[in-house]
Amino acid sequence: MTKANHHIFADGELSRKEGTLRIDTLEGETKYLPVESIDALYLHGQISFNTRALGLLNKHGVPVHIFGWKDYYRGSYLPKRSQLSGNTVVEQVRAYDNTERRLRIGHRIIEASIHNMRANLQYYSGRRGDFDSVVETLRELKTAVSDTQRIDELRAVEGDARKRYYDCFDSILEAPFRLAKREYNPPSNETNALISFLNGMVYTSCVSAIRKTALDPTVGFVHEPGERRFTLSLDIADIFKPILADRLVFRLVNRKQITTDDFETELAGCLLTEQGRLTVLEEFERSLDQTVQHPRLKRKVSFKTLIQTDVYSLKKHLLTGEPYHATEKWW
Amino acid sequence: MSSTDVVEEYVQDERDPSRSPNVPITGLMVQYYHVCKRELWFMANGIDIDRETTNIQRGTHVDETSYGTSRRSFMIDNRIQLDILDSGDVMEVKVSSALEKPARMQLLFYLWYLREIHDIDKDGVLAYPTERKRESVVLDETTTAEVESTVRGVLDVVGRDSPPQLEKKPYCGTCLYQDLCWM
């Protein structure tokens, strides 16, 4: 049983009304949000709020992810942690600081990431082009992962795989959508804009999942902690991007749920319009709630839970030495 | 080489105000020991998962709303939460009798703890308000031996470097730790 994310697009004010959240939009509308039923709150508009509202969110452990102008991710307000464990953080940092242990975890993350990229190509091979040779190359690169002895070497293998993977996008995507080259900051075309937006959603989903453990989100294993972001979230997001973001990009474009009308190109690059973001988010939330039968848990779990159990598995690995099972698409 | 029994040692550590045991045992630990040793290891080693599950809320609700007037709650040594009935018996309230042994052992541990550490002799009542069922629990030679072997077992499991092996149990599906344990 997972709770839903809640997205607020309106501009307005967020306040606390007794035990519940109240939103007054600039258009004069008032809405109440039962705080117990939200997993995470996403603010896409201009919202002002006070500490009483934060206090309520805090009490219910609801993180708030804030998106600024044109929905660029601005940051997160993470409630005081319900999970505090010095042990966990100590073990996490120890593993990071131990070349062997760090590499082993990095290997699992990148293997899963390449595996999931390959699964996408395998699905589209024959449908949208012939990707058999790239699928084969990704298989080899996945095998090569465990031979890498240094993190930069590992990242080079990952970069190589990702480049070959992105090279197939233009065959999969229906015209006029083209990726050409992966460019963000700012995204240079519609496809890049779509990928960036969805990658951001995957990233915040990972931030939420990590917050539910005592793990420190800033200490990642593949990404360097100096990157000024939650590098552990970036690591976990790499595993889930092909599953949750890329597959959705293909589907939205090829089913024409998203068209070029859903984008606007400005000096700052190409970005989704508000209507476009709404469509994408609705589909993204839907895919988070999709379920698959889990072979180890012997029950159906949602993709959102899958992120959570991936993080639990990492945590358990850090604390007990039992193997870390990074999520590799099996369904 | 001292051949002091771990249980004796534990009791000494508990009774001596200047010392405390390395692993202070709680009622929950005793319960987990009889439910699943792996769960005990996770819990005692501070490996926790998000506790939002409804089963816990249900348990808390049943406990808080049952037999309101005829019992008083005490917290002993900051660790042992006891409910004493007007009759003087120690009561433990459970939602269901499905896991009878763990609940009984938890209550027996409380009785043993009161006797060994605080020199207080009490009998116990195990209550299942939703099933309108009660069961009396007393410390005799057999049950004392059961408690002491549990204490030994708990200390052994908790002190291990790694968790006990994964084992499929009929109630894994309702366990809080399943998403961590099986992953």
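The values are calculated or read from the model by the stated rules, or taken from the named source; none is laboratory data. Keep in mind that this is a model prediction, so the values were computed, not measured. With ideal geometry, Cβ positions are generated from the backbone for all residues, glycine too; neighbour counts draw on all protein chains shown. Accessible surface areas use protein heavy atoms only, side chains included; no ligands, DNA or RNA. Shrake-Rupley method; radii C 1.70, N 1.55, O 1.52, S 1.80 Å.
Per DSSP helix of 4 or more residues, -39500 (n - 2.57); summed, then divided by the residues of chain B. What does that give at 222 nm, rounded to the nearest 500?
Estimated from H runs of four or more residues: -13500 deg cm²/dmol.
Using the structure shown, select from A:Lys142/A:Lys304; A:Lys181/A:Lys316; A:Lys31/A:Lys329 the pairs with a Cα to Cα distance greater than 30 angstrom. Walk me through the numbers on the way to the answer.
Working: A:Lys142/A:Lys304 25 Å; A:Lys181/A:Lys316 38 Å; A:Lys31/A:Lys329 39 Å.
Cα-Cα > 30 Å for A:Lys181/A:Lys316; A:Lys31/A:Lys329; rest within.
Taking Cα centroids, how far is the range B:1-40 from the range B:88-156 in Å?
First find each Cα centre; the distance between them is then 16 Å.
Rolling a 1.4 angstrom probe over the protein heavy atoms, how many square angstrom per residue are accessible across the range A:88-320? Mind dumping the intermediate values first?
Working: 9350 Å² over 233 residues.
Result: 40 Å² per residue.
Would you list the membrane-span-like helices of chain A, meaning whole DSSP H runs whose alpha-carbon atoms span at least 30 Å along their axis and whose mean Kyte-Doolittle value is at least 0.5? All intermediate terms of the calculation are to be shown ahead of the outcome.
Working: long enough: A:99-124 (37 Å, -0.76); A:190-211 (32 Å, 0.70).
Going by DSSP H runs, the hits are A:190-211.
Tell me, what % of the accessible area of the range A:133-184 is carbon and sulfur with a 1.4 angstrom probe? All intermediate terms of the calculation are to be shown ahead of the outcome.
Values: 1410 of 2870 Å².
So the carbon and sulfur contribution to the accessible surface is 49 percent.
Which whole number gives the average count of other chain Cβ atoms within 10 Å of the Cβ atoms across peptide B:174-183? Don't skip to the end; give the middle numbers.
Numbers: counts 0, 0, 0, 2, 6, 11, 10, 5, 10, 19.
Shielding by partners across B:174-183 averages 6.
Please give the calculated 222 nm ellipticity per residue for chain A, where each DSSP H segment of at least 4 residues contributes -39500 (n - 2.57) and the sum is spread over every residue; nearest 500 deg cm²/dmol? Intermediate values should be presented prior to the final figure.
Values: 11 runs with 156 residues, N = 331.
That comes out to -15000 deg cm²/dmol.
Kirkwood hydrodynamic radius (Cα pairs, Å) of the protein assembly as shown?
Working: mean 1/r = 0.0384 Å⁻¹.
Value: 26.0 Å, from the Cα pair sum.
Set the bar at 20 Å for Cα to Cα. Now go through A:Lys298/B:Lys168; A:Lys212/A:Lys298; B:Lys94/B:Lys133; A:Lys212/A:Lys315 and name every pair that lies beyond it.
Values: A:Lys298/B:Lys168 11 Å; A:Lys212/A:Lys298 22 Å; B:Lys94/B:Lys133 10 Å; A:Lys212/A:Lys315 11 Å.
In this structure, A:Lys212/A:Lys298 exceed 20 Å between Cα atoms.
List, largest first, the extents of the alpha carbons of the range B:82-149 along their principal axes, each in whole Å.
Result, largest extent first: 33, 28, 15 Å.
Per residue, how much accessible surface does the range A:4-77 expose to a 1.4 Å probe? Answer in Å², no decimals. Present the calculation step by step, with values, prior to reporting the outcome.
Values: 3670 Å² over 74 residues.
Here the per-residue accessible area is 50 Å².
Under Stokes-Einstein, with the Kirkwood radius over Cα pairs standing in for Rh, what whole-number D in µm²/s applies to the range A:4-77 at 20 °C and 1.002 mPa s?
Values: Rh = 12.2 Å.
So the translational diffusion coefficient is about 176 µm²/s.
Just tell me how shielded A:316-328 is by partners: mean number of partner chain Cβ atoms within 10 Å of each residue's Cβ, no decimals.
Working: counts 10, 1, 1, 7, 8, 3, 6, 1, 1, 2, 0, 1, 0.
The per-residue average across the peptide is 3.
Hand me the chymotrypsin sites (Phe, Trp or Tyr not before Pro) from the range A:28-95 located in a DSSP loop with no more than 10 other Cβ atoms within 10 Å, in residue order please. Mind showing how you got there, number by number?
Working: sites: A:Tyr32, A:Tyr42, A:Phe49, A:Phe67, A:Trp69, A:Tyr72, A:Tyr73, A:Tyr77; in loops: A:Tyr72.
Loop-located and lightly packed - none at all.
Pop the C-beta distance of A:Arg299 and B:Thr130 into the FRET formula with R0 = 41 Å and round what comes out to the nearest 0.05.
On the way: r = 26 Å, r/R0 = 0.63.
For A:Arg299 and B:Thr130, the calculated efficiency is 0.95.
Let me know the charge dipole size of the range A:164-219 about its Cα centre in debye, to the nearest 20, where only the beta-carbon of Lys, Arg (+1) and Asp, Glu (-1) is charged. It would help to have the intermediate numbers written out before the result.
Values: 6 positive and 6 negative charges, 41 e Å.
Dipole of the range A:164-219, to the nearest 20 debye: 200 debye.
Given 10 °C and 1.306 mPa s, compute D for chain B with the Stokes-Einstein relation, Rh being the Kirkwood radius over Cα pairs; round to the nearest whole µm²/s. Let's see the in-between values first.
Values: Rh = 17.5 Å.
Rounded to a whole number, D works out at 91 µm²/s.
Top mean-square fluctuation among A:Glu18, A:Glu36, A:Glu224, Gaussian network model of chain A, C-alpha springs under 10 Å?
Answer for the Gaussian network model of chain A: A:Glu18.
For peptide A:242-252, compute the average count of partner chain beta-carbon atoms within 10 Å of each residue's beta-carbon.
Working: counts 0, 0, 0, 0, 0, 0, 0, 0, 0, 0, 0.
Going residue by residue through A:242-252 and averaging, the value is 0.
Take the solvent-accessible surface of the protein heavy atoms, probe 1.4 Å, and return the percent of it on the range A:4-77 that carbon and sulfur atoms account for.
Percent of accessible area from carbon and sulfur atoms in the range A:4-77: 49.
If the reach is capped at under 19 angstrom between alpha carbons, list the aspartates and glutamates near A:Lys59, excluding any in the same chain fewer than eight residues apart.
List returned: A:Glu18, A:Glu36, A:Asp39, B:Asp48, B:Asp50, B:Glu52.
Which value, in square angstrom to the nearest 100, describes the accessible area buried between chains A and B on both sides, using a 1.4 angstrom probe? Numbers along the way, then the final one.
Numbers: alone 15470 and 10470 Å², together 24190 Å².
Interface between A and B: roughly 1800 Å².
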